[in-house]
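These notes are about the structure you will find just below.
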(Lines give C-alpha, C1' and ligand atoms only; values in the text may rest on other atoms or scores of the structure.)
Protein backbone atom coordinates (compact mmCIF):
# COMPACT_ATOMS: atom_id res chain seq x y z
CA UNK A 1 0.00 0.00 0.00
CA UNK A 2 2.85 2.35 0.83
CA UNK A 3 4.46 1.82 -2.59
CA UNK A 4 1.05 2.47 -4.16
CA UNK A 5 0.83 5.82 -2.32
CA UNK A 6 4.39 6.67 -3.43
CA UNK A 7 3.46 5.91 -7.05
CA UNK A 8 0.29 8.07 -6.86
CA UNK A 9 2.15 11.04 -5.34
CA UNK A 10 4.93 10.65 -7.91
CA UNK A 11 2.41 10.67 -10.76
CA UNK A 12 0.55 13.73 -9.43
CA UNK A 13 3.83 15.56 -8.85
CA UNK A 14 4.98 14.63 -12.35
CA UNK A 15 1.73 15.88 -13.88
CA UNK A 16 1.98 19.28 -12.18
CA UNK A 17 5.73 19.56 -12.76
CA UNK A 18 5.33 19.01 -16.52
CA UNK A 19 2.28 21.26 -16.61
CA UNK A 20 4.22 24.16 -15.05
CA UNK A 21 7.72 23.25 -16.21
CA UNK A 22 8.98 23.34 -12.61
CA UNK A 23 9.34 20.64 -9.96
CA UNK A 24 9.06 23.30 -7.25
CA UNK A 25 5.72 24.54 -8.58
CA UNK A 26 4.74 20.89 -8.91
CA UNK A 27 5.37 20.37 -5.18
CA UNK A 28 3.32 23.49 -4.36
CA UNK A 29 0.35 22.39 -6.51
CA UNK A 30 0.58 18.86 -5.08
CA UNK A 31 0.39 20.41 -1.61
CA UNK A 32 -2.74 22.37 -2.57
CA UNK A 33 -4.44 19.18 -3.80
CA UNK A 34 -3.56 17.29 -0.61
CA UNK A 35 -4.80 20.13 1.62
CA UNK A 36 -8.09 20.32 -0.28
CA UNK A 37 -8.50 16.55 0.05
CA UNK A 38 -7.87 16.78 3.81
CA UNK A 39 -10.18 19.78 4.32
CA UNK A 40 -13.11 17.72 5.70
CA UNK A 41 -10.77 16.21 8.29
CA UNK A 42 -9.32 19.64 9.09
CA UNK A 43 -12.84 20.95 9.68
CA UNK A 44 -13.62 17.98 11.92
CA UNK A 45 -10.35 18.55 13.81
CA UNK A 46 -11.18 22.23 14.39
CA UNK A 47 -14.67 21.41 15.64
CA UNK A 48 -13.23 18.78 17.97
CA UNK A 49 -10.63 21.19 19.37
CA UNK A 50 -13.25 23.92 19.82
CA UNK A 51 -15.53 21.50 21.67
CA UNK A 52 -12.65 20.38 23.88
CA UNK A 53 -11.94 24.02 24.80
CA UNK A 54 -15.60 24.49 25.71
CA UNK A 55 -15.42 21.41 27.95
CA UNK A 56 -12.16 22.39 29.66
CA UNK A 57 -13.82 23.71 32.88
CA UNK A 58 -15.78 20.45 33.25
CA UNK A 59 -12.63 18.42 32.55
CA UNK A 60 -10.76 20.34 35.26
CA UNK A 61 -13.65 19.75 37.65
CA UNK A 62 -13.61 16.00 36.99
CA UNK A 63 -9.84 15.88 37.41
CA UNK A 64 -10.07 17.51 40.84
CA UNK A 65 -13.07 15.47 41.97
CA UNK A 66 -11.60 12.08 41.04
CA UNK A 67 -7.88 12.78 41.41
CA UNK A 68 -7.49 9.81 43.79
CA UNK A 69 -9.84 7.54 41.80
CA UNK A 70 -8.32 7.09 38.33
CA UNK A 71 -10.74 4.36 37.21
CA UNK A 72 -13.80 6.44 38.07
CA UNK A 73 -12.20 9.47 36.46
CA UNK A 74 -11.71 7.57 33.18
CA UNK A 75 -15.30 6.33 33.29
CA UNK A 76 -16.71 9.82 33.91
CA UNK A 77 -14.44 11.22 31.22
CA UNK A 78 -15.77 8.75 28.64
CA UNK A 79 -19.34 9.56 29.70
CA UNK A 80 -18.67 13.29 29.30
CA UNK A 81 -17.24 12.79 25.81
CA UNK A 82 -20.20 10.61 24.83
CA UNK A 83 -22.70 13.12 26.22
CA UNK A 84 -21.22 15.92 24.12
CA UNK A 85 -20.46 13.64 21.12
CA UNK A 86 -16.74 14.38 21.14
CA UNK A 87 -14.03 12.12 19.80
CA UNK A 88 -10.85 13.00 21.78
CA UNK A 89 -8.73 11.53 18.97
CA UNK A 90 -10.43 13.69 16.34
CA UNK A 91 -7.81 16.41 16.65
CA UNK A 92 -4.97 13.97 15.88
CA UNK A 93 -6.44 12.33 12.78
CA UNK A 94 -5.31 14.85 10.12
CA UNK A 95 -1.74 14.73 11.43
CA UNK A 96 -1.73 10.91 11.48
CA UNK A 97 -3.03 10.79 7.91
CA UNK A 98 -0.31 13.22 6.80
CA UNK A 99 2.49 10.97 8.08
CA UNK A 100 2.30 8.35 5.29
CA UNK A 101 1.99 11.21 2.76
CA UNK A 102 5.18 12.77 4.14
CA UNK A 103 6.99 9.42 4.01
CA UNK A 104 5.85 8.80 0.45
CA UNK A 105 6.88 12.30 -0.63
CA UNK A 106 10.27 11.79 1.02
CA UNK A 107 10.94 8.69 -1.11
CA UNK A 108 9.72 10.46 -4.25
CA UNK A 109 12.03 13.42 -3.63
CA UNK A 110 14.95 11.15 -2.79
CA UNK A 111 14.70 9.66 -6.29
CA UNK A 112 13.61 12.88 -8.01
CA UNK A 113 16.37 12.92 -10.62
CA UNK A 114 15.66 9.27 -11.42
CA UNK A 115 11.91 9.82 -11.77
CA UNK A 116 12.24 13.07 -13.72
CA UNK A 117 15.67 13.01 -15.38
CA UNK A 118 14.62 15.68 -17.89
CA UNK A 119 13.70 18.26 -15.23
CA UNK A 120 15.88 20.59 -13.17
CA UNK A 121 15.58 19.74 -9.45
CA UNK A 122 16.37 23.35 -8.49
CA UNK A 123 13.63 25.78 -7.45
CA UNK A 124 14.48 29.37 -6.50
CA UNK A 125 17.36 29.04 -4.00
CA UNK A 126 17.08 25.30 -3.38
CA UNK A 127 17.92 21.94 -4.86
CA UNK A 128 14.75 20.05 -3.88
CA UNK A 129 16.61 16.74 -3.55
CA UNK A 130 19.23 18.05 -1.09
CA UNK A 131 19.28 19.01 2.59
CA UNK A 132 22.14 21.52 2.29
CA UNK A 133 20.16 24.25 4.08
CA UNK A 134 23.29 25.95 5.40
CA UNK A 135 23.89 27.29 1.88
CA UNK A 136 20.56 29.17 2.04
CA UNK A 137 20.90 30.39 5.66
CA UNK A 138 18.45 27.74 6.91
CA UNK A 139 15.63 29.82 5.43
CA UNK A 140 13.26 26.90 4.75
CA UNK A 141 13.73 25.23 8.17
CA UNK A 142 13.12 28.60 9.88
CA UNK A 143 9.97 29.12 7.79
CA UNK A 144 8.94 25.60 8.76
CA UNK A 145 9.14 26.54 12.45
CA UNK A 146 7.44 29.91 12.02
CA UNK A 147 4.53 28.52 10.01
CA UNK A 148 4.14 25.58 12.42
CA UNK A 149 3.81 28.10 15.25
CA UNK A 150 1.29 30.16 13.27
CA UNK A 151 -0.80 27.10 12.45
CA UNK A 152 -0.82 25.94 16.09
CA UNK A 153 -1.64 29.44 17.28
CA UNK A 154 -4.71 29.60 15.06
CA UNK A 155 -5.81 26.08 16.01
CA UNK A 156 -5.59 26.76 19.78
CA UNK A 157 -5.69 30.57 20.20
CA UNK A 158 -6.24 30.72 23.97
CA UNK A 159 -5.43 27.30 25.37
CA UNK A 160 -2.93 27.69 28.26
CA UNK A 161 -2.15 23.97 28.18
CA UNK A 162 -0.68 24.40 24.68
CA UNK A 163 1.80 27.17 25.53
CA UNK A 164 4.81 24.92 26.12
CA UNK A 165 3.94 22.82 23.08
CA UNK A 166 3.74 25.97 20.93
CA UNK A 167 7.38 26.65 21.74
CA UNK A 168 8.71 23.09 21.62
CA UNK A 169 7.03 21.92 18.41
CA UNK A 170 8.17 24.81 16.14
CA UNK A 171 11.75 24.43 17.40
CA UNK A 172 11.51 20.68 16.82
CA UNK A 173 10.35 21.26 13.25
CA UNK A 174 13.20 23.71 12.63
CA UNK A 175 15.63 21.01 13.77
CA UNK A 176 14.19 18.09 11.77
CA UNK A 177 13.57 20.26 8.69
CA UNK A 178 17.29 20.99 8.57
CA UNK A 179 17.85 17.24 8.05
CA UNK A 180 15.30 16.77 5.24
CA UNK A 181 15.45 17.51 1.49
CA UNK A 182 14.35 21.03 0.60
CA UNK A 183 11.41 19.69 -1.42
CA UNK A 184 9.90 18.03 1.66
CA UNK A 185 10.37 21.18 3.75
CA UNK A 186 8.83 23.26 0.96
CA UNK A 187 5.80 20.95 1.09
CA UNK A 188 5.53 21.41 4.88
CA UNK A 189 5.84 25.21 4.71
CA UNK A 190 3.20 25.52 1.97
CA UNK A 191 0.93 23.04 3.79
CA UNK A 192 1.20 25.13 6.95
CA UNK A 193 0.39 28.34 5.08
CA UNK A 194 -2.66 26.73 3.50
CA UNK A 195 -3.68 25.28 6.88
CA UNK A 196 -3.46 28.74 8.42
CA UNK A 197 -5.79 30.11 5.75
CA UNK A 198 -8.19 27.20 6.23
CA UNK A 199 -8.05 27.57 10.02
CA UNK A 200 -8.76 31.30 9.84
CA UNK A 201 -11.89 30.69 7.75
CA UNK A 202 -13.00 27.77 9.95
CA UNK A 203 -12.52 29.86 13.12
CA UNK A 204 -14.73 32.56 11.64
CA UNK A 205 -17.38 29.98 10.76
CA UNK A 206 -17.30 28.45 14.25
CA UNK A 207 -17.47 31.88 15.90
CA UNK A 208 -20.46 32.83 13.72
CA UNK A 209 -22.17 29.54 14.57
CA UNK A 210 -21.62 30.09 18.31
CA UNK A 211 -23.08 33.62 18.07
CA UNK A 212 -26.09 32.20 16.24
CA UNK A 213 -26.67 29.58 18.96
CA UNK A 214 -26.39 32.18 21.75
CA UNK A 215 -28.84 34.48 19.94
CA UNK A 216 -31.55 31.78 19.96
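Any chance the range 139-153 includes a residue that's at pLDDT below 85 and farther than 15 Å from residue 35 by Cα? Scanning the range 139-153 turns up at least one residue that is at pLDDT below 85 and farther than 15 Å from residue 35 by Cα. Residue 214 meets each of the listed conditions (1) at pLDDT below 75; (2) in contact with a helix residue (DSSP H, G or I) (Cβ under 9 Å, 6 or more places away or on another chain) apart from (2). Do we find that residue 187 is surrounded by 22 or more Cβ atoms within 10 Å (Cβ to Cβ), closer than 30 Å to residue 48 by Cβ and in contact (Cβ under 8 Å) with a residue 60 or more places away in the chain in this structure? Spelling it out, residue 187 is indeed surrounded by 22 or more Cβ atoms within 10 Å (Cβ to Cβ), closer than 30 Å to residue 48 by Cβ and in contact (Cβ under 8 Å) with a residue 60 or more places away in the chain. None of 96, 109 is within 19 Å of the chain's Cα centre (by Cα), within 27 Å of residue 178 (Cα to Cα) and either surrounded by 12 or more Cβ atoms within 10 Å (Cβ to Cβ) or modelled with pLDDT under 75 (or both) except 96. Among the residues of the range 66-76, those identified as modelled with pLDDT of 75 or more and either part of a helix (DSSP H, G or I) or surrounded by 11 or more Cβ atoms within 10 Å (Cβ to Cβ) (or both) are 66, 70, 71, 72, 73, 74, 75, 76. Of all residues in the range 125-133, one or more are under 27 Å from residue 19 (Cα atoms) and without any contact (Cβ under 8 Å) to a residue 24 or more places away in the chain. Quick check: is even one residue across the range 114-130 in a helix (DSSP H, G or I) and at pLDDT 85 or above? Within the range 114-130, not a single residue is in a helix (DSSP H, G or I) and at pLDDT 85 or above.
This table checks each residue for (1) assigned to a helix (DSSP H, G or I); (2) surrounded by fewer than 16 Cβ atoms within 10 Å (Cβ to Cβ); (3) modelled with pLDDT of 90 or more.
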site	(1), (2), (3)
157	no, yes, no
162	yes, no, no
171	yes, yes, yes
203	yes, yes, no
208	yes, yes, no
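The values are calculated or read from the model by the stated rules, or taken from the named source; none is laboratory data. Treat the numbers as computed from the prediction; the structure is a model and nothing was measured. Quick reminder, even Gly has a Cβ in these numbers, built from the backbone with ideal geometry, and neighbours come from all protein chains shown.
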